[in-house]
Amino acid sequence: MSKVPEKGWIGARIPLIDARRKATGEAIYTDDIKLPGMLVGKILRSPLAHARITRLDVSKARAMPGVHAVVSGRDNQGRFGVLPITQDETPFAGEKVLFVGDQVAAVAAVDEETALAALDAIEVEYEELKAFLRTKDCLKPVPQELQLHPSRSKDGSNIMKTVEQHFGDVPEALKNAAVQVSGKFKMIGVTHAFTEPHCVIAHYDTEDHLTLWSATQVPHYVHRALAKVLELPMHRIQVIRPMVGGAFGGKSDPFPHEMAAALLSKMCRKPVKILFDREEVFISNHGRHPTENELTVGLDAEGKLSVLDLDVVIDGGAWGSFGVVTTYYNGVLTQGPYRMNNFRFRCRRVYSNKPPCGAMRGHGAVNTRYAYETLIDELCVLTKQDPVQFRIDNALPSFTKTINEFRITSNGVVECLERARERSGWAEKHDKLPHGHGIGVACGFYISGSALPIHWTKLPQSTVHLKIDLDGGITVHSLAAEIGQGSDTMLAQCVAEVLRCDMGRIRVYSGNTDTAPIDLGSYSSRVTFMAGNAARRAALKIKDKLIRAAAKKTGYPWEGFVLDREELVFAPNPEVRISFDEALEQALAENGALIAKGAYQGPPKLGGTFKGAAAGLAPSYSFSAFITEVKVDPDTGIVKVLKVWAAHDCGKALNPLAVEGQIEGSIHMGLGQALMEDFRYNKAAVLNANLLDYRTPSPMQMPEVECILVESNDPEGPFGAKECGEGPLLPILPSVANAIYDAVGIRARELPMTPDVIWKALQKQARSPSRPRVTSQS
């Protein structure tokens, strides 16, 4: 009997195909891999935030018994980075170190004890320089010797990137606004807190071929960076991604430790493993940028949104990473999901002597979304408008363009708001609950992949290869990185749906650059839309071959055949049917394995012609609306989130079980940033570089979550699907903040909203009895 669901695989609640392997311990992570003669790699890190290296002597370490290789910046200064336009990273510090923890040298030894002793034997002398730790200092011009990356500086400061865009007439709109509110916001940096630490194994073998195993989201970009740094052709490098134990954007760059392992292995011709401890993971960071932003939002005489003006400064730390993209996203992704005719923003990203920041779930859109949605709530209070209805009245329609020429296709934001309002009992609760008990709403808007690839080539953004041979198994080859989000399952579903076959036939290989065709990796919520489309297109080609084989075997016209649950049926006469295996046998005859490829290049050219017009363009966008209910203890300031009604427009829920998991995970991460997580420093050193002092929500602190899946069926997504992995993070932070205001009348301008912040604001409020619902800045 066929195991294919009667309604097909799309929309079926399916456990992830790798779930049992992970649950039983069969899954193989990088640290599980053991190779003959493998050495232990360790990294010597800078104790200073900004200093010139005046002396570096590794001779004693190299002479130690059991030490097979020592490398430093004097051996290699190959520049790399995830973005071709900001190649500002090197495997090791050159003339200067740029943050506490910067890589100075690395060793490979027979065991950990010997490797650590070798690090102690390396002699380094520094000339300490002024460290730039405050954003305002990074904005000022300084002598060239104090610039972190002089080649990036245009005005003598440590500003890495400035973006300014203006649409409509913001000054005139502000002048004519019937009501406007402004706010200054400050968000401390946060990091991904993934479970599996960074780990890499490199083996430069006797045939001058490098194999690198790494817990990465972007095998293709790592492949490119290794070729550049080691000056090897890409065909002599193989990158393998084992299982990844969490990433959330924190493993979406090529990293210096990957380059270090490769250089060590090349020097000694032995496999070398580098496994980070938890402190090193925090030092590596690449988390969300600390952000300072100032926004003004105005309404016209009819009470509709008319103007948005924002100025943002983000602290990027020591390197560029995805920073140019982040700088744009902080502005361009703010305006949706609302109509806006006058929009202006300036965003500046600075280099500082802190660990680098990069891409983190909801990349570039979380902090400005928080500010915008809380100011919208303030406008609703001032104008006595219902916050849910206000958002409905100002929502973008489907199939339109924004003022900065984003093409909007499917759009379910109004349905998200309406369904969340109904399920939460909003009308009976908002502004009606007892003091200390409140409810709040916020929306989100995010990309389903970037329409513009990082490397401006004509290569597809994603390619999938399919092969079926005599055994009847369907092999899917893709480089879309499975990082726990379920992309392997999604690929299998897309293929199985087209071929109407048992999922048990399908095996997905997505972790090896030698066997998988190009895919740019798992970031920017691109995989379902792009790799899913590529898989579907490949499967359609296999489907055509099977149908023609069925026609040849039966003698009936091929146009009449359909695939249906492991059979090929002649629709005009359903009694004419053959099994999937019979059709396959016929297709293989005198032909051999069935092979097909599908590719996704992206939509036709999108966007305008102004500078930076491509930033934020996507083939489609997701939309969200969350309503959150909280209780606030006025005596302690402790916030308890009771329930979240999370409505998300994912186009089509290919696998509702996986979509719900992504929504719940986004809420967990967003609650952490909203209420407790902070990346703290003692001057330039990370103060809480461990999972005890860096607090994330425990299972007991997670609220009840009711996921509301809105299906707008995108016309270009695979089976109508679009993203659900990052967009659901955006609304949770401001919906909590707006609920806190409804509960106790407090507005928090800083994140996280810890109990002491809420308590101090409540004390300030109590001293102003004539203004019981005063807006306070924490």
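Sort through Ser46, Ser59 and tell me the only one that's over 30 Å from Asn682 (Cβ atoms) and among the polar types (S, T, N, Q).
Ser59
So which of Val710, Val744, Val686, Val705 is open to solvent by 10 Å² or more (accessible area, probe 1.4 Å), in contact with a strand residue (DSSP E or B) (Cβ under 7 Å, 6 or more places away or on another chain) and of a type in the set (A, V, I, L, M, F, W, C)?
Exactly one of Val710, Val744, Val686, Val705 is open to solvent by 10 Å² or more (accessible area, probe 1.4 Å), in contact with a strand residue (DSSP E or B) (Cβ under 7 Å, 6 or more places away or on another chain) and of a type in the set (A, V, I, L, M, F, W, C), namely Val705.
Just to be sure I understand, how many residues within segment 105-123 are surrounded by fewer than 22 Cβ atoms within 10 Å (Cβ to Cβ) and not in a helix (DSSP H, G or I)?
4
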Looking only at segment 594-610, and only at residues there that are in contact with a Leu (Cβ under 8 Å, 6 or more places away or on another chain) and at pLDDT 95 or above, the one that is farthest from His455 (Cα to Cα): Leu594
Entirely in segment 424-510, the strands (runs of 3 or more DSSP E) that have 2 or more residues that are in contact (Cβ under 8 Å) with a residue 12 or more places away in the chain and within 30 Å of Val413 (Cβ to Cβ): 437-447
Cβ-Cβ under 7 Å pairs, at least 6 apart or on other chains, segment 394-423 side farther than 17 Å from Met340 by Cβ and in contact (Cβ under 8 Å) with a residue 40 or more places away in the chain, far side of a type in the set (S, T, N, Q) and crowded, with 20+ Cβ neighbours inside 10 Å: Thr409/Ser620; Ser410/Ser620; Ser410/Ser712; Gly412/Ser712; Cys416/Ser624
Selection within segment 84-103 - more than 29 Å from the chain's Cα centre (by Cα) and either under 19 Å from Pro355 (Cβ atoms) or in a strand (DSSP E or B) (or both): Gly94, Lys96
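Yes/no per residue for (1) touching a Gly at 6+ places or on another chain (Cβ under 6 Å); (2) open to solvent by less than 20 Å² (accessible area, probe 1.4 Å); (3) outside any helix (DSSP H, G or I); (4) at pLDDT 95 or above:
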residue: Tyr523; (1), (2), (3), (4): no, no, yes, no
residue: Gly532; (1), (2), (3), (4): no, yes, no, yes
residue: Ala538; (1), (2), (3), (4): yes, yes, no, yes
residue: Lys552; (1), (2), (3), (4): no, no, no, yes
residue: Glu559; (1), (2), (3), (4): no, no, no, yes
residue: Ala583; (1), (2), (3), (4): no, yes, no, yes
From Leu654, Leu675, residue being of a type outside the set (D, E, K, R) and more than 19 Å from Asn367 (Cβ to Cβ): Leu654
Long-range neighbours under 6 Å by Cβ, at least six apart or interchain, first residue under 12 Å from Val110 (Cα atoms) and without any contact (Cβ under 8 Å) to a residue 40 or more places away in the chain within segment 266-279, second assigned to a loop (DSSP other than H, G, I, E, B) and open to solvent by 20 Å² or more (accessible area, probe 1.4 Å): none
Considering residues of segment 13-39 that are part of a loop (DSSP other than H, G, I, E, B) and open to solvent by 90 Å² or more (accessible area, probe 1.4 Å) only, the residue nearest to Gln485 (Cα to Cα): Arg13
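Return the residues of segment 166-223 that are without any contact (Cβ under 8 Å) to a residue 24 or more places away in the chain and assigned to a loop (DSSP other than H, G, I, E, B); say none if nothing qualifies.
Glu207
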Any chance Leu295 is under 28 Å from the mean Cα position of the chain (by Cα), crowded, with 24+ Cβ neighbours inside 10 Å and in a strand (DSSP E or B): no
Meets criteria (open to solvent by less than 20 Å² (accessible area, probe 1.4 Å), under 26 Å from Tyr329 (Cβ atoms), in contact with a His (Cβ under 9 Å, 6 or more places away or on another chain) and touching a residue at least 60 places away in the same chain (Cβ under 8 Å)) for Gly250: yes
Members of segment 554-607 that are among the polar types (S, T, N, Q) and farther than 20 Å from Lys541 by Cβ: Thr554, Asn573, Ser579
Of all residues in segment 357-393 being charged (D, E, K, R) and in contact (Cβ under 8 Å) with a residue 24 or more places away in the chain, the one that is farthest from Met160 (Cα to Cα): Asp386
Criterion (in contact with a helix residue (DSSP H, G or I) (Cβ under 9 Å, 6 or more places away or on another chain), among the charged types (D, E, K, R) and open to solvent by 30 Å² or more (accessible area, probe 1.4 Å)) met by exactly one of Arg767, Arg695: Arg695
When residues of segment 168-196 are limited to those that are open to solvent by less than 40 Å² (accessible area, probe 1.4 Å) and under 17 Å from the mean Cα position of the chain (by Cα), the one nearest to Leu35 (Cα to Cα): Glu196
Scan of segment 698-716 for residues that are out of contact with any Lys or Arg (no Cβ under 7 Å at 6 or more places or on another chain) and either assigned to a loop (DSSP other than H, G, I, E, B) or on the phi > 0 side of the Ramachandran plot (or both), ordered by number: Ser698, Met702, Ser712, Pro715, Glu716
Filtered residue count, segment 227-245, keeping only those that are open to solvent by 10 Å² or more (accessible area, probe 1.4 Å) and assigned to a loop (DSSP other than H, G, I, E, B): 6
Residues satisfying the stated conditions in segment 53-76, i.e. assigned to a strand (DSSP E or B) and open to solvent by less than 60 Å² (accessible area, probe 1.4 Å): Ile53, Leu56, Asp57, Val67, Ala69, Val70, Val71, Ser72
Among (1) open to solvent by less than 10 Å² (accessible area, probe 1.4 Å); (2) under 30 Å from Gly323 (Cα atoms); (3) out of contact with any His (no Cβ under 7 Å at 6 or more places or on another chain) - the single one Arg407 does not satisfy: (1)
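The values are calculated or read from the model by the stated rules, or taken from the named source; none is laboratory data. What you see is a predicted model; the values in this text were computed from it and never measured. Virtual Cβ from ideal backbone geometry, glycine too; neighbours counted across all protein chains shown. Each accessible area value is taken on the protein alone, full model and side chains, heavy atoms only, with ligands, DNA and RNA left out. Shrake-Rupley method; radii C 1.70, N 1.55, O 1.52, S 1.80 Å.
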